[in-house]
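Notes for the one structure printed next.
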Amino acid sequence: MNIRVIYHSSKSGNTQKLAKAIAEELGVRAERVGKDSIVFAQPVDLLFVGDGIYWAKPHRITRRFFEELDPAPIKNAAVFATYGNQFKIGDDLKKLLQGKGINVVGEPFTCKGASVGTKNQGRPDETDLQNVRAFAQQMAALVK
Ligand SMILES: Cc1cc2nc3c(=O)[nH]c(=O)nc-3n(C[C@H](O)[C@H](O)[C@H](O)COP(=O)(O)O)c2cc1C
């Protein structure tokens, strides 16, 4: 099964922590949108897509990536995200992918991320990382 993990994360690195935990759990590499060269040369059975929320939206790097993406190789996707207080980012990302005609499996995984002006210090924490690892296995099992 071809599984890929892509994410955007700002300097605070909260979403990157989730991306790395998912990737490690499934034995793949986490690829950073806007930094790594991300090409889908082979069909992807499951694409994990992660982001934070910035000014109530997915980051423009993520939005631009999906605007330009040919969705044909992506068979399924699963969403993960971190937020200050707006967990709607999970559904925002899900809709972004569905708008490209990509099938999204399961429900988005979201957790709080440390951010100025919130009480989210230390998040994602060990429990969040354990939970996202379980999520990774559950999503992979859905597309087997
Ligand atoms: C510039 C900026 C704008 C943000 N805007 C929002 C927002 O509109 N709603 C929200 O819930 N959190 C907001 N946050 C908090 C981030 O979504 C949160 O810290 C997230 O974990 C960041 O992920 P990252 O560290 O992977 O970039 C914002 C953070 C930054 C730095």
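Read-outs throughout are calculated quantities, based only on the coordinates presented, and are distinct from any laboratory measurement. Just so we're clear, the structure is a prediction, and the values are computed from it rather than from any experiment. Methodologically, a virtual Cβ is constructed for each residue, glycine included, from the backbone with ideal geometry; neighbour enumeration extends over all protein chains shown.
Checking each residue in the stretch 1-30 for being of a type in the set (Gly, Ala, Ser) and crowded, with 18+ Cβ neighbours inside 10 Å picks out Ser9, Ala19, Ala21, Ala23, Ala30. Of the numbered criteria (1) surrounded by fewer than 15 Cβ atoms within 10 Å (Cβ to Cβ); (2) closer than 25 Å to Asn2 by Cα, the one Leu96 fails is (1).
Gly90 falls short on exactly one of the conditions (1) out of contact with any Pro (no Cβ under 6 Å at 6 or more places or on another chain); (2) within 16 Å of the ligand (Cβ to nearest atom), and that condition is (1).
Evaluating Gln42 against the criteria (1) among the polar types (S, T, N, Q); (2) more than 22 Å from Asn85 (Cα to Cα); (3) within 14 Å of the chain's Cα centre (by Cα) leaves one unmet condition, (3).
Is it the case, given these coordinates, that Val132 is more than 21 Å from Asn14 (Cβ to Cβ) and touching a helix residue (DSSP H, G or I) at 6+ places or on another chain (Cβ under 6 Å)? The answer is no for Val132.
Does Leu142 satisfy being more than 16 Å from the ligand (Cβ to nearest atom), more than 19 Å from Lys11 (Cβ to Cβ) and buried (at least 16 other Cβ atoms within 10 Å of the Cβ)? No: the conditions fail for Leu142.
Taken over the stretch 103-125, residues that are over 14 Å from the mean Cα position of the chain (by Cα) and more than 16 Å from the ligand (Cβ to nearest atom) amount to 1.
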